[in-house]
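*Asks:* Got a structure here, written out as structure tokens. Questions coming.
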Amino acid sequence: MPAKVVCDGEYVTAYLSGEIDHHNAGAVRAIIDTYIMKAKPKKLTIDFGSVSFMDSSGVGLVMGRFKNISDYGGKMEITGLSPHAYKVMTMSGIEKIAVIHRKREEKKNEKAD
Amino acid sequence: MKKPINEFKIQFQSKSANEGFARTTVSAFVSQLDPTVEEINDIKTAVSEAVTNCIVHAYPDTVGKIYITVFLYDDGNVKIKVRDTGKGIEDVKKAREPLYTTGGEDRSGLGFSVMESFTDKMYVRSLPGKGTTVTLIKSIEGKPRDNR
């Protein structure tokens, strides 16, 4: 399962896992968009805490969802980015329009995988 | 550049299921230079972008072949060539601009920017109707190593 979604009233959180690339992003997008349409969340949180790899498809995924929720005034938050995913994500300048958080405790000596 | 100390070549179909295969295979080969986790992630990401471009842009409606050649050098440099024989890029300069995309709304337009910033050098050669070759060069500082 590429994304597990928890819906709490007006707050929707999507927990992504595994590798987010062009191949996998489509399925994740479909799942999240279903919830956006159904719940019209006030805030959508996309959590990357269990994502082991991400390329610019992850950025496209976030930008596309941001567009969908801002159409009706929803807010977005991105959490759990690894240092690497953070580096990719911020190339888009998305941090200027959405709240983004890195992984809370990234142990420096630990391997990324 | 000097003669490579090692080299490998793969060829595969432009199917999105191969994106993971390509980046993992290239990074496994580059591991011989004892890269750091960050360097490996940079290479994986750059290769993933190059291969995705071939799948999305070079062969938009067909399945074609993608060729990757990797050269390792004894000064720690790695050269990665990703080649397709697809439709080519009309305006390479434009394509390299950040956030520019012809790939529809869920493409970020960051592919070339990521490749460029996660490696030391990127060359793009393209001929419309003939195909594109992206060459990526990165110096692997690696972990501290003993004499080889």
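*Asks:* Could you list, in sequence order, the residues of the range B:77-101 that are under 21 Å from B:ALA22 (Cα atoms), surrounded by fewer than 20 Cβ atoms within 10 Å (Cβ to Cβ) and not basic (Lys, Arg)?
*Replies:* Selection gives B:ASN77, B:THR85, B:GLY88.
*Asks:* Looking at the range B:35-52, is at least one residue farther than 20 Å from A:VAL88 by Cβ and surrounded by fewer than 22 Cβ atoms within 10 Å (Cβ to Cβ)?
*Replies:* Checked against the condition, which is being farther than 20 Å from A:VAL88 by Cβ and surrounded by fewer than 22 Cβ atoms within 10 Å (Cβ to Cβ), the range B:35-52 yields no hits at all.
*Asks:* Here is a follow-up. How many residues does the range B:102-121 contain that are buried (at least 16 other Cβ atoms within 10 Å of the Cβ) and β-branched (Val, Ile, Thr)?
*Replies:* Summing the residues that are buried (at least 16 other Cβ atoms within 10 Å of the Cβ) and β-branched (Val, Ile, Thr) in the range B:102-121 gives 2.
*Asks:* Another one. Of the residues that make up the range B:12-20, is at least one in a helix (DSSP H, G or I), open to solvent by less than 70 Å² (accessible area, probe 1.4 Å) and away from chain A (no Cβ under 14 Å)?
*Replies:* no
*Asks:* Which condition from (1) closer than 22 Å to B:VAL56 by Cβ; (2) touching a helix residue (DSSP H, G or I) at 6+ places or on another chain (Cβ under 9 Å); (3) within 14 Å of chain B (Cβ to nearest Cβ) is the one that A:ILE36 breaks?
*Replies:* (1)
The values are calculated or read from the model by the stated rules, or taken from the named source; none is laboratory data. In this text, all values refer to a predicted model and were calculated from it rather than measured experimentally. In this analysis, Cβ positions are derived from the backbone assuming ideal geometry, glycine residues included, and neighbour counts consider all displayed protein chains. Side chains included, ligands, DNA and RNA excluded: accessible areas come from the protein's heavy atoms. Shrake-Rupley method; radii C 1.70, N 1.55, O 1.52, S 1.80 Å.
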